[in-house]
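Colleague: My structure is below; once you've seen it, I'll send some questions.
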Amino acid sequence: GRRYEEFGGTCSYFGKPHASHFEACLKILSLDKSRVAHVGDSLQHDIAGANAAGIDSIFIVGGIHRKDLGVGLGTIPKEEKLHKLFDSTGEQPTHVVPLLRY
């Protein structure tokens, strides 16, 4: 989309991390954002989108950033490592869990 815009085209963005995606879901489900938490493993997509929409977020450590954090599956790294990763992306989740199993 960005390349198309460079050529003068117009794009409409929808989906993570754009707040409109989260707001549309809340509207369809008739839920207030205070009753919702978005669960995801991507700081740049899941957590950034939830933050943009003002929704609580639950960051899954055992996802795509696991190797960045240097932890085994199902473990939580030391707070310093988490904060370093969060600071590097500019995104701060509301909650952190090691793994999601359903």
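Colleague: Counting only Cα, what are the radius of gyration and maximum Cα-Cα distance Dmax of region 52-91, in Å?
Modeller: Calculated on Cα positions, Rg and Dmax stand at 10.7, 31 Å.
Colleague: Hey, another quick one. With everything on Cα atoms, drop me the angle between helix 19-29 and the longest principal axis of the chain, reported from 0 to 90° to the nearest 10.
Modeller: Approximately 90 degrees, to the nearest ten.
Colleague: Sorting check: for 40-49, 67-76, which peptide has the highest mean count of neighbouring beta carbons within 10 Å, and how do the rest follow? Before the final figure, lay out the partial values.
Modeller: Numbers: 40-49: 20.4, 67-76: 12.6.
Ranking the peptides 40-49, 67-76 by packing returns 40-49, 67-76.
Colleague: I've got another one for you. Using the C-alpha atoms of the chain, what convex hull volume per residue, in cubic angstrom, is computed?
Modeller: On the way: hull volume 12.3 nm³, N = 102.
About 120 Å³ per residue, rounded to a whole number.
Colleague: Something else: Can you compute 3J(HN,Hα) from phi for each residue in region 54-67, using the Karplus curve 6.51 cos²θ - 1.76 cosθ + 1.60 with θ = phi - 60°, rounded to whole Hz and x for Gly and Pro?
Modeller: x, 10, 4, 9, 10, 8, 8, 5, x, x, 5, 9, 4, 5
Colleague: Give me the distance between the Cα centres of region 77-102 and region 1-27, rounded to whole Å.
Modeller: So the two Cα centres are separated by 26 Å.
Colleague: Separate question: Taking K and R as +1 and D and E as -1, what net charge do the other residues with C-beta under 12 Å from the C-beta of Ser57 add up to? Show your work: numbers first, answer last.
Modeller: On the way: positive: Lys16, Lys33; negative: Asp41, Asp46, Asp56, Glu91.
In short, -2.
Colleague: What is the helix-to-structure angle for 79-89, meaning the angle in degrees between its Cα long axis and the longest Cα principal axis of the chain, kept from 0 to 90 and rounded to the nearest 10?
Modeller: 20 degrees
Colleague: If you count only protein heavy atoms with a 1.4 Å probe, what accessible area per residue comes out for the chain, rounded to a whole Å²?
Modeller: Values: 6930 Å² over 102 residues.
Solvent-accessible surface per residue comes out at 68 Å².
Colleague: Net charge near Leu69: determine it from the other residues with C-beta under 15 Å of the C-beta of Leu69, scoring Lys and Arg +1 and Asp and Glu -1. Intermediate results must be reported in sequence, preceding the final value.
Modeller: On the way: positive: Arg66, Lys67, Lys78, Lys81, Lys84; negative: Asp41, Asp68, Glu79, Glu80, Asp87, Glu91.
Counting the neighbours of Leu69, the net charge comes to -1.
Colleague: Right, next: Can you pull the percent of the chain's accessible area that's carbon plus sulfur, 1.4 Å probe, other chains left in place?
Modeller: Working: 3680 of 6930 Å².
Carbon with sulfur: 53 percent of the solvent-accessible area.
Colleague: Same structure, new question: For region 12-64, take the alpha-carbon Rg, divide it by the Kirkwood Rh, and send me Rg/Rh.
Modeller: Details: Rg = 10.7 Å, Rh = 11.0 Å.
Expressed as Rg/Rh, it is 0.97.
Colleague: Turning to a different aspect of this structure: For a test of understanding, tell me how many lysine pairs in the chain have Cα atoms under 21 Å apart, given they are 8 or more places apart or on different chains.
Modeller: Numbers: Lys16/Lys27; Lys16/Lys33; Lys67/Lys78; Lys67/Lys81; Lys67/Lys84.
Going through the chain pair by pair, I get 5.
The values are calculated or read from the model by the stated rules, or taken from the named source; none is laboratory data. As the structure is a computational prediction, the values presented were derived from the model and not from experiment. As a convention, Cβ positions derive from the backbone with ideal geometry for all residues, glycine included, and neighbour counts pool all protein chains shown. Accessible surface areas use protein heavy atoms only, side chains included; no ligands, DNA or RNA. Shrake-Rupley method; radii C 1.70, N 1.55, O 1.52, S 1.80 Å.
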